[in-house]
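Please read the structure below before turning to the comments.
No lab work stands behind these numbers, since they all come straight from the coordinates. If you're wondering where the values come from, they're calculated on a predicted model, not measured in any experiment. FYI the Cβ positions are ideal-geometry reconstructions off the backbone, even for glycines, and counts take in every protein chain you see.
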Amino acid sequence: MKIIGLIVAVLTGGLLVYAAGDFPAWSDPASPASTYLSPHFIEKTIEETSVPNIVTAVLADYRGFDTMFETTVIFSAGVAVFLLLRTSGPKTQQTRLYRHQLTGVTVRIKEGAELPPSDNFERIDRFWTPHDLIIKTVCRLLIPFIQLFGLYVIAHGHHSPGGGFQGGVILGASIILLAISHDLRTAIKRVAEKLDAVLCAIGVLIYAGTGALCLLLGLNFLDYKALAPVLHVDSIMARSHGILIVEIGVGVAVMFTMIWIYSNLSSGGKYNQGL
Amino acid sequence: MADIVSTVVDNYNYWIYITLMMIGLYAIIAKNNLVKKIVGMNIFQTAIILFYVSIGVKRGATIPILEHAHGSHGYGVVHAAEYVNPLPHVLMLTAIVVGVATLGVALALAIKVYNEYNTLEEDEILAQIREE
């Protein structure tokens with residue numbers, strides 16, 4: 001198998017090297033990729049959409065269909081991971097372990113028994129390992145700023161590098177950081193599983209709904225010019241605002257899909273303490 | 001001779017992408033462990049991303065965000081040569097996030113395989129399937 005693999009890789013690589021001879025030179029301004037459509041995007045974007053970040057405008061406006069279905073792919077991946085892994089365990093757990101956070105005593109609760117009323121108990125699993133205080137504290141301090149930055153990246157995607165995908169990934173990573181630095185239960189307390197599922201569907205719905213709204217208002221699907229009367233702006237600014245709306249939808253979908261995939265993967269679908 | 005050398009050196013982006021892509025392809029075909037195959041798949045994907053982004057580069061151009069364009073409608077003429085090609089960036093932007101999502105699905109499948117066969121080595125899994 002190794003030899004077959006090596007032969008295939010070397011042969012394909014040789015063909016690609018041969019083909020690379022016909023490719024345009026590195027950083028050639030007159031290369032075919034940079035001559036047909038992209039000059040139009042670069043020169044007309046500010047006129048047509050008043051968005052300085054050309055990547056954002058092309059992503060959400062000119063190539064809106066592509067991005068909508070990419071978002072759908074991400075959503076489907078989240079659903080696929082959920083369907084593959086999630087095991088619905090029995091509602092009444094036989095024996096649960098709790099750790100008293102102040103004294104470090106572990107309490108075993110048998111089926112049907114109640115925990116002594118106290119806020120200091122933390123649900124743990126049999127393979128519990130102590131978390132580092134420095135990591136916990138630093139992450140707790142950093143996460144709000146990471147989330148603030150994620151919101152900035154989504155909202156400021158028109159004028160600076162950013163947009164829904166990037167901001168959504170940053171926001172999702174902040175919750176995943178919480179799950180890694182503490183444990184998965186802490187993260188699930190903040191973002192429940194149902195919330196993940198509902199919000200990543202809502203993100204896709206915001207995108208598709210914006211498109212459908214344009215359709216209802218008499219223009220093509222995802223033609224944001226149709227939103228001008230609703231938003232009380234001219235048709236150019238309507239495209240800019242339409243881009244912002246779908247970017248928010250993308251951001252919500254990406255953020256919660258990332259959290260959903262992570263919490264399913266890290267716990268093998270059991271939603272225990274995770275990694 | 002100097003011509004060939006300069007062509008080879010000038011187009012180093014293609015050689016890097018081909019090398020990375022073939023490393024990924026080899027890993028997908030030859031590696032026995034499923035997680036290593038997934039890593040190979042990701043290296044392959046990264047090679048394609050590198051290829052696309054390197055195609056968009058233009059000499060002397062800046063990032064595709066128009067300068068001094070905040071809140072102005074009467075923006076002057078924009079020259080396409082001043083900004084790099086935004087299209088590869090758009091395509092790869094979505095490809096990166098979709099790549100992460102598909103990586104999640106691949107890992108979920110690997111977890112299911114591990115739960116079923118208690119191993120991630122391909123030959124051991126095949127041996128177990130033949131026994132059944």
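In what sequence, highest mean first, do B:51-58, B:27-34, B:7-14, A:132-139 appear when ranked by Cβ atoms within 10 angstrom?
In descending order of packing, they fall as B:51-58, B:27-34, B:7-14, A:132-139.
From other protein chains only, count the Cβ atoms within 10 Å of every residue's Cβ in A:17-27, then give the mean. Show your work: numbers first, answer last.
Working: counts 6, 0, 2, 9, 3, 0, 6, 2, 6, 11, 12.
Average neighbour count from other chains, rounded to a whole number: 5.
What is the Rg over Rh value, at two decimals, for the protein assembly as shown, using alpha-carbon atoms and the Kirkwood definition of Rh? Don't skip to the answer; put the middle values down first.
Working: Rg = 25.2 Å, Rh = 24.3 Å.
That ratio is 1.04, to two decimals.
Roughly how crowded by other chains is peptide A:251-262, in terms of the mean Cβ count from those chains within 10 Å of each of its Cβ atoms?
Per-residue shielding by partner chains comes out at 2.
What do you get for the angle between helix A:164-181 and the principal long axis of chain A? Use alpha-carbon atoms, 0 to 90 degrees, nearest ten.
20
Could you tell me the calculated FRET efficiency between A:L195 and B:W15, based on Cβ-Cβ distance and R0 = 41 angstrom, to the nearest 0.05? Provide the component values of the computation, followed by the final result.
Values: r = 47 Å, r/R0 = 1.15.
Using R0 = 41 Å, I get an efficiency of 0.30.
When only Cα pairs under 8 Å and 6 or more residues apart are kept, what is the percent relative contact order across chain A? Intermediate values should be presented prior to the final figure.
On the way: 363 pairs, mean separation 63.8, N = 275.
Across chain A, relative contact order equals 23 percent.
For chain A, find the longest principal axis of its Cα atoms and tell me its angle to the long axis of helix A:193-216, 0 to 90°, nearest 10.
In chain A, helix A:193-216 runs at an angle near 20 degrees to the longest axis.
Taking a cut-off of 19 Å, what percent of all Cα-Cα pairs in region A:1-91 are separated by more than that?
On the way: 2870 of 4095 pairs.
Roughly 70 percent, rounded to a whole number.
Show me the chymotrypsin sites (Phe, Trp or Tyr not before Pro) within region A:34-135 that DSSP assigns to loop and that have at most 13 other Cβ atoms within 10 Å of their Cβ. Write out the running numbers ahead of the final one.
Numbers: sites: A:Y36, A:F41, A:Y62, A:F65, A:F69, A:F75, A:F82, A:Y98, A:F121, A:F127, A:W128; in loops: A:Y36, A:F127, A:W128.
Answer in residue order: A:Y36, A:F127.
Rounded to the nearest 500, what is the 222 nm mean residue ellipticity of chain B from helices alone, with -39500 (n - 2.57) per DSSP H run of 4+ residues and division by all residues?
Working: 5 runs with 92 residues, N = 132.
Calculated mean residue ellipticity at 222 nm is -23500 deg cm²/dmol.
With only Lys, Arg, Asp and Glu charged, each at its Cβ (+1 for the first two, -1 for the last two), find how big the charge dipole of region A:1-134 is about the Cα centre; round to the nearest 20 debye. Before the final figure, lay out each step's value.
Values: 11 positive and 14 negative charges, 223 e Å.
Its charge dipole is roughly 1060 debye.
Post the alpha-carbon centroid distance, region A:160-211 to region A:48-126, in whole angstrom.
If we compute the Cα centre of each part, the gap is 9 Å.
If one puts a single equal scatterer on every Cα of chain B and applies the Debye formula without solvent, what log₁₀ I(q)/I(0) results at q = 0.13, 0.17 Å⁻¹?
Values returned for q = 0.13, 0.17 Å⁻¹ are -0.75, -0.99.
With Cβ to Cβ distances under 11 Å as the rule, what net charge do the other residues near A:T45 carry (K, R +1; D, E -1)? If you can, show how the numbers build up before the last one.
Numbers: positive: A:K44, A:R239; negative: A:E43, A:E47, A:E48, A:D61.
For residues surrounding A:T45, the net value is -2.
Taking every Cα atom in region A:72-128, find the radius of gyration and the maximum pairwise distance Dmax, and write them in Å.
Considering region A:72-128 through its Cα atoms, Rg and Dmax are 16.6, 48 Å.
How shielded is A:169-179 by partner chains, expressed as the average number of their Cβ atoms within 10 Å of its Cβ atoms?
Working: counts 3, 0, 0, 1, 0, 0, 0, 0, 0, 0, 0.
Mean shielding by partner chains, rounded to a whole number: 0.
From the P(r) of region A:191-275, can you give the percent of Cα pairs sitting at distances over 18 Å? Numbers along the way, then the final one.
Values: 1828 of 3570 pairs.
When every Cα pair of region A:191-275 is considered, 51 percent fall beyond 18 Å.
Select from region A:43-125 those trypsin sites (Lys or Arg not before Pro) which occupy a DSSP coil region and have at most 13 other Cβ atoms within 10 Å, ordered by residue number. Spell out each step's value before the answer.
Details: sites: A:K44, A:R63, A:R86, A:K91, A:R96, A:R99, A:R108, A:K110, A:R123; in loops: A:R63, A:R86, A:K91, A:K110.
In loop regions of region A:43-125 (DSSP not H, G, I, E or B), the sparsely surrounded trypsin sites (Lys or Arg not before Pro) are A:K91, A:K110.
Given an 8 Å cut-off on Cα distances and at least 6 residues of separation, report the relative contact order of region A:122-216 as a percent. List each step's numbers first, then the result.
Numbers: 56 pairs, mean separation 20.0, N = 95.
With pairs under 8 Å counted, the relative contact order is 21 percent.
Would you mind calculating the relative contact order of region B:1-96 from Cα pairs under 8 angstrom and at least 6 residues apart, reporting the percent as a whole number? List each step's numbers first, then the result.
Working: 85 pairs, mean separation 23.8, N = 96.
Worked out over region B:1-96, it gives 25 percent.
Please work out how many pairs of lysine residues in chain A are eight or more positions apart (or on different chains) and have Cα atoms closer than 30 angstrom.
13
Please identify the helices of chain B, taking whole runs of DSSP H, that span at least 18 Å along their own axis as judged from the Cα atoms and have a mean Kyte-Doolittle score of -0.5 or higher.
Values: long enough: B:12-30 (27 Å, 1.41); B:34-55 (32 Å, 1.55); B:86-117 (46 Å, 1.43).
Membrane-span-like by this criterion, though nothing is claimed about a membrane: B:12-30, B:34-55, B:86-117.
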